[in-house]
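Participant: Got a structure for you, questions after.
Computed from the coordinates by the stated procedures, all read-outs in this text should not be read as laboratory data. What you see is a predicted model; the values in this text were computed from it and never measured. Methodologically, a virtual Cβ is constructed for each residue, glycine included, from the backbone with ideal geometry; neighbour enumeration extends over all protein chains shown.
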Amino acid sequence: VPTSLTHAAGGVRRASPVAVPRMVAAPPAAERAWTPQSWRTMPIKQTPTYPDQTEVEAVEKRLRGGVPLVFSGETDRLTSALARASRGEAFVLQGGDCAESFDEFAKYGGKNIADTFTLLIQMSIVLMYSIGPVVKIGRMAGQFAKPRSSAVERAKNAALSLPSYRGDMINGEAFEESARVPDPERMWTAFVQSTATMNLLRTQASGGALDLNRIQDINLKFVKGTAAGSRFSEYVRNVSGALRFMNSCGVPVDSPAVTTAEFYVSHEALLLPYEESLCRPGAHDSSKVYATSGHFLWLGDRTRQVDGAHVEFLRGIANPIGIKCGPTLDPAELLELLAILNPDNTPGRITLITRMGAGKIAEGLPPLIRAVESAGAVVTWVCDPMHGNTESSPSGYKTRPFTNVLEEVRGFLEVHKKMGSIAGGLHLELTGQDVTECVGGMQELSHDDLASRYESTCDPRLNASQALELAFLVAETVGG
Ligand code: PEP
Ligand code: MN
């Protein structure tokens, strides 16, 4: 029963697989006992106010009896994989919707999930061929809650303002007063959709859909005719040739390493009643508590206060966690976060997801790298080139110029190269659907094109062709 789980002072203790220096002295937060509920006494941001708390408690109770979405052994395997990425022995590819949607899932019957998954696999083939092993993580099966810059939203060209949409897990997107009232039942709907999503991902990953022996079938239909699609077919030819050659040498090419894919899921740990209710003891070590809502959870740029509820929740769970690092993050504050969230300096536990903006990365990233290195902290550096590059289009849509996305990735790779640190991966908002949400790319989408297929309920996503183009850039720059 998760409510009975309590840790001794200092949160979860893990044995470090390698000798690493101790972190700076842990601040008082780390001296308090942690429980899955201890966040409830701390100041909290970005949280909904539900009209009826007893309804919330009823849903929490159902979730506490719900099946775990992920297994603690898988979660530990991801920590090890991220530790390899911190040393440059693997590259992280994390991506998916800004916000998963109930309507989109129903409209496509889950095919949107399968398509985004295929896109991530196509990108990982490009990266694997050029760089090395790829740690594949979806922003999926739980990415339903959104932090918002403003508590209220105004209708396009109208004076009326309503409480902001906070993701399908909290309230409705429709611009109507009633839709914007937080409804706890939505947590349950998100959970059910997440279990279906997880099931679909597992069948895709292990059911033969990704057998590299049939690599020519791993392609999204609408990508085939594009410039990105024809570049991808070069990789298909190369990989097929390599497999034929291995086969000729007598190396088995029907092994799971070739016919299946290891895939993890992640989301922002924003809605803490949901996260708390899905905490479970570890299967192998019941003294540890795992969030079983996903393998990897991250701390958003708006909820990373050192004495806040979100940091408190994350410090005690045994999962690998991410910290979004925006341009306002002070290096000293980052070190405090690391001391609280990873007091044992366990490799793979912390992924720093920098999201500075194309114009700020060259100045903003080096001080963070210097701070981390001076403290001897082990982290996995990942680039989110999306959230620092959001703009309003003259047509009224939120968009991201693809050139700025590419420029931030280039800047990220350059800074790490110059400073001798490891550029460990990418964190992207993308979809396998042929949407028109980010301007630019090989298809040269213009501001006027945005209206034609803008389907995101929140931030603009890269479409398949833009996402592949980004993979080619990284493959060429890192792979040489
Ligand atoms: C996000 O990843 O969707 C997000 C809101 O990011 P950030 O916290 O970095 O703004
Ligand atoms: Mn987003």
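Participant: Rounded, prolate or oblate: which fits the chain when a ≥ b ≥ c are the square roots of the eigenvalues of the alpha-carbon gyration tensor, with rounded for a/c under 1.5 and prolate only if a/b beats b/c? Can you show the working numbers first?
Facilitator: On the way: a/c = 1.36, a/b = 1.14, b/c = 1.19.
Since a/c stays below 1.5, the shape of the chain is classed as rounded.
Participant: Shifting gears a bit: For the chain, what is the charge dipole size about the Cα centre, in debye to the nearest 20, if Lys and Arg each add +1 at the Cβ and Asp and Glu each add -1 at the Cβ? Intermediate results must be reported in sequence, preceding the final value.
Facilitator: Values: 47 positive and 53 negative charges, 193 e Å.
For the chain, the charge dipole is close to 920 debye.
Participant: Simple spin-label model, 7 Å along Cα-to-Cβ: residue 71 to residue 233 in nm?
Facilitator: 4.0
Participant: Give, in nm to one decimal, the length gained when the segment between residue 185 and residue 221 is fully stretched (0.36 nm per residue of separation minus the Cα-Cα distance).
Facilitator: 9.3 nm
Participant: So which trypsin sites (Lys or Arg not before Pro) in the stretch 61-93 end up in coil per DSSP with only 16 or fewer other C-beta atoms within 10 Å?
Facilitator: 87
Participant: If you take the beta carbon distance between residue 155 and residue 87 as r and set R0 to 56 Å, what does 1/(1 + (r/R0)^6) give as a FRET efficiency, to the nearest 0.05? The partial results should precede the final answer.
Facilitator: Details: r = 50 Å, r/R0 = 0.89.
E between residue 155 and residue 87, to the nearest 0.05, is 0.65.
Participant: Could you please rank 447, 416, placing first whichever residue has the fewest other Cβ atoms within 10 Å of its Cβ?
Facilitator: Fewest to most other Cβ atoms nearby, the residues stand as 447, 416.
Participant: Here is a follow-up. What's the local net charge at residue 419, with K and R +1, D and E -1, over the other residues with C-beta under 12 Å away?
Facilitator: +1
Participant: With point charges of +1 on the Cβ of Lys and Arg and -1 on the Cβ of Asp and Glu, referenced to the Cα centre of the stretch 96-160, which listed residue (133, 118, 149) lies farthest in the positive direction of the dipole?
Facilitator: Of the candidates, 149 comes out farthest on the positive side.
Participant: Taking the Cα centre as origin and putting +1 on Lys and Arg beta-carbons and -1 on Asp and Glu beta-carbons, what dipole magnitude results for the stretch 221-307, to the nearest 20 debye?
Facilitator: On the way: 9 positive and 9 negative charges, 113 e Å.
So the magnitude is around 540 debye.
Participant: Next up: For the stretch 231-378, what does the alpha-carbon gyration tensor say about shape, rounded, prolate or oblate, given a ≥ b ≥ c as the root eigenvalues, a/c under 1.5 as rounded, and a/b over b/c as prolate?
Facilitator: Because a/c hits 1.5 or more and a/b fails to exceed b/c, the stretch 231-378 counts as oblate.
Participant: Under the rule a/c < 1.5 gives rounded, and otherwise a/b versus b/c splits prolate from oblate, where does the stretch 178-234 land using the Cα gyration tensor?
Facilitator: Judged from the Cα gyration tensor, the stretch 178-234 comes out oblate (a/c at least 1.5, b/c at or above a/b).
Participant: Also, I was wondering about something else. In square nanometres and to one decimal, what's the mean projected area of the convex hull around the Cα atoms of the stretch 297-348?
Facilitator: That works out to 3.4 nm², a quarter of the Cα hull's surface.
Participant: Projected onto the charge dipole of the chain (+1 at Lys/Arg Cβ, -1 at Asp/Glu Cβ, origin at the Cα centre), which of 159, 216, 286 gives the Cα projection farthest towards the positive end?
Facilitator: The residue sitting farthest along the positive end of the dipole is 286.
Participant: I'd like the isolated cysteines in the chain, meaning no second cysteine's beta-carbon lies under 4.7 angstrom from theirs.
Facilitator: By the Cβ distance rule, which asks for a partner under 4.7 Å, the isolated cysteines are 249, 279, 325, 383, 438.
Participant: Kindly list the residues of the stretch 380-395 that lie in the label zone of residue 447, defined by a backbone N under 20 Å from the point 7 Å along the Cα-to-C-beta vector.
Facilitator: 388-395, by backbone N distance to the label point.
Participant: For an R0 of 25 angstrom, estimate the FRET efficiency from the Cβ-Cβ distance between residue 177 and residue 64 and round to the nearest 0.05.
Facilitator: In this case the efficiency is close to 0.20.
Participant: Using +1 at the C-beta of Lys and Arg and -1 at the C-beta of Asp and Glu, which of 383, 402, 366 has the Cα lying farthest in the positive direction of the dipole of the stretch 325-415?
Facilitator: Most positive-ward Cα: 402.
Participant: For the stretch 427-480, with only Lys/Arg (+1) and Asp/Glu (-1) charged at the beta-carbon, what is the dipole magnitude about the Cα centre, in debye rounded to 20?
Facilitator: 120
Participant: Would you please give the residues with an amide H less than 5 Å from that of residue 264, counting only those at least 5 places away or on a separate chain, with H modeled from the backbone geometry?
Facilitator: 136, 137, 138
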